[in-house]
1. Please tell me if residue 67 is in contact with a Ser or Thr (Cβ under 9 Å, 6 or more places away or on another chain) and either in a loop (DSSP other than H, G, I, E, B) or at pLDDT below 80 (or both).
2. As an exercise: evaluate residue 59 against (1) exposed (fewer than 12 other Cβ atoms within 10 Å of the Cβ); (2) under 35 Å from the mean Cα position of the chain (by Cα); (3) at pLDDT 85 or above and give the number of the one condition it does not meet.
3. If residue 37 satisfies every condition in (1) modelled with pLDDT under 75; (2) over 30 Å from residue 134 (Cβ atoms) but one, which is the exception?
4. Kindly check whether there is at least one residue in region 12-23 that is of a type in the set (Lys, Arg), modelled with pLDDT of 75 or more and out of contact with any Phe, Trp or Tyr (no Cβ under 7 Å at 6 or more places or on another chain).
5. Regarding residue 171, is this residue at pLDDT below 85 and surrounded by fewer than 16 Cβ atoms within 10 Å (Cβ to Cβ)?
6. Does region 92-105 include one or more residues that are under 26 Å from residue 63 (Cβ atoms) and in contact (Cβ under 8 Å) with a residue 24 or more places away in the chain?
Amino acid sequence: MRKTSVRVTARRRDSTREAPQPPDEGTAFREAVRDVRPLPPVNRIEPTAPKAKPVPVKRIEDERAVLQELAHLAMFDLDDVEIDDDGLFLRPGLPRDILRKLRRQHWSIQGSLDLHGLNSEEAALALATFLAEARAHGLRCVRVIHGKGLRSPGREPVLKKRVRRMLMRRDEVLAFAEPPAAGGGGGAVVVLLDV
């Protein structure tokens, strides 16, 4: 066996000729977007978020002060108003069938206030606030739950007569009646408001 040799010759590179350099990114980008043209303007208004309405802080404070004053005034001189034993009230000039409809819950109750656990002053303020908010929201028929007084000293309802007398003094109250037992019975009153 003979050994054969293979001669490998390498070509010498010409030192004067350099390898091509890749173009820089900026040049490559400009070359890629050379034929790009801007889009024509769109003929429409871009929607913007509505600005928040300003909060009338002073008016809110004034309304709170008025409600507190009304609640405070409602606590006094309530004994001069007489309430029937059946717990009914109807403004003069209104038809009596309103009371029947209130008792039978003909109208759906749109709002409710529970006064359990409140003393007389707190209940008066809560009732005045509730009636003002109900009227502002256009509520027509609401229920006020005052309780039956089962946990009161002597098991006498403290808020029952007081709440009903306060309701009689409010101009927006057209009528009220005691609901059936399923709707609260003697521990509640359904009120029809003038809106």
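The values are calculated or read from the model by the stated rules, or taken from the named source; none is laboratory data. Because the structure is predicted, anything quoted here is derived from the model rather than measured. A quick note on method: Cβ atoms are made from the backbone with ideal geometry, for glycine too, and the neighbour counts reach across all protein chains shown.
1. Considered against the rule, which asks whether it is in contact with a Ser or Thr (Cβ under 9 Å, 6 or more places away or on another chain) and either in a loop (DSSP other than H, G, I, E, B) or at pLDDT below 80 (or both), residue 67 comes out as yes.
2. (3)
3. (1)
4. No, every residue in region 12-23 fails to be of a type in the set (Lys, Arg), modelled with pLDDT of 75 or more and out of contact with any Phe, Trp or Tyr (no Cβ under 7 Å at 6 or more places or on another chain).
5. Criteria not met by residue 171.
6. No, there is no match, as no residue in region 92-105 is under 26 Å from residue 63 (Cβ atoms) and in contact (Cβ under 8 Å) with a residue 24 or more places away in the chain.
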